[in-house]
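Notes follow once the structure below has been shown.
The values are calculated or read from the model by the stated rules, or taken from the named source; none is laboratory data. All values reported here derive from a predicted model rather than from experimental measurement. With ideal geometry, Cβ positions are generated from the backbone for all residues, glycine too; neighbour counts draw on all protein chains shown.
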Amino acid sequence: MRYAIYFTPEHDDPLCRIAAGWLGRDAFGGAVTAAKAFGALSAAEVAFHTAAARRYGFHATLKAPFRLADGMTEVGLIDAVDAFANATVPFDIPRLKLAQIDGFFALVPAEPLPELDRFAGDVVMAFEPFRAPLSDAEIARRNPDALSPRECRNLSQWGYPYVFDTFRFHMTLTGRIAAEEAARVRVAIEECLGDTLDKPVPVDGLAVFVEPSPGAPFEVRTYRALGKQAERKTA
């Protein structure tokens, strides 16, 4: 079993519900829904383009999937998430936008947010004691020959290439899209999202996702609210 520490909006948040509908699976409970046509994309095309992202559920990676280190337990991990969440002040991402990163579509902050980057870095460090070292097979799956020297060091030290100064907050909505299909897919996603991105996105919770067995869909094991709602501030 692998665990991951992700950001996702709370279950009844409109963005979470719409994104789950687009992906065809709700990470809160694992319910699967039939794909729908959007824009010029048929339902079958939407299902095809979202297949890779569907397994992981709607999320932003903070602490990438990991096996528990020797001596660590799920109960201990969840207790640590509780403590971290209680000590962390919520904040807002003023606006997300749709972007294409390395070929796949994702939601990213419209402007740089140092507070968001610090939050992600704090998560990486706080839960590092729970992470077992990567196996040779896990390292190979990250294709280290294609990584920069800094990304390789991050992979070796933290189990994921994209942390700290190489971190990019993103909430994936598709697999890699060919250039000739990108415009059609973008229009379909924009139609699905509607005006959802016009509102700030509260970063007010932290989720523990689990992969019960290799290749199985990730699901939310537990979701913890951050700090006190009265302390929310805008990044």
Of these, Ala47, Ala19, Ala53, Ala40, which one is at pLDDT below 95, under 25 Å from Glu180 (Cα atoms) and in contact with a helix residue (DSSP H, G or I) (Cβ under 9 Å, 6 or more places away or on another chain)?
Ala40
Conditions (1) over 29 Å from Glu45 (Cβ atoms); (2) in contact with a strand residue (DSSP E or B) (Cβ under 9 Å, 6 or more places away or on another chain); (3) of a type in the set (D, E, K, R) -> Arg142 fails only (2)
